[in-house]
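None of the figures in this text is laboratory data; all of them are computed from the coordinates on show. What you see is a predicted model; the values in this text were computed from it and never measured. Here the Cβ is made from the backbone with ideal geometry for all residues, glycine too, and neighbour counts use every protein chain on show.
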Amino acid sequence: MPPQSRPLSPHLQVYRPMYTMVLSISHRASGVFQSVGLLLLAYWLVAAASGAQAYATAAKVFANPLVKLAIAGWIVAFWYHFFAGIRHLVWDAGFGFEKPVARRSGQLVVVLAALASLFTLALAWRHLGGGA
């Protein structure tokens with residue numbers, strides 16, 4: 001077998017997706033997505049500081065349904081990354097490595113992120129023009 005035809009290290013295609021593996025990849029992806037979302041936040045803050053006309057322009061941008069969807073995704077990514085980060089801090093302290101505990105903590109992260117996201121999105125919907 002020629003040396004270039006075999007993999008140099010195990011790749012994702014070799015492994016069967018496991019719950020903890022998906023959570024780990026999601027934690028990294030949510031961190032990247034947050035960085036992109038922070039650009040929207042920075043734009044909004046600069047527009048607010050730049051005067052009424054700049055803020056009105058930003059308000060039009062943020063009224064776009066795709067931007068609203070991106071903000072909703074950013075909120076979900078924020079909460080998921082927040083709770084997964086707490087889980088990693090617990091691991092850094094040396095706790096929670098046993099398989100059953102790791103699975104339960106992963107489930108807890110998903111549930112807490114979903115609840116916090118729904119709560120935040122409901123507040124945003126109500127206070128930013130979606131509800132009564």
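Summary of packing: across the peptides 76-82, 101-107, 66-72, the per-residue average of other C-beta atoms within 10 Å ranks them, highest first, as 76-82, 101-107, 66-72. With respect to the chain, whose longest principal axis is taken over its alpha-carbon atoms, helix 52-63 is tilted by about 50°.
Where does helix 99-127 land angle-wise versus the long Cα axis of the chain, in degrees 0 to 90, nearest 10? Roughly 10 degrees, rounded to the nearest 10.
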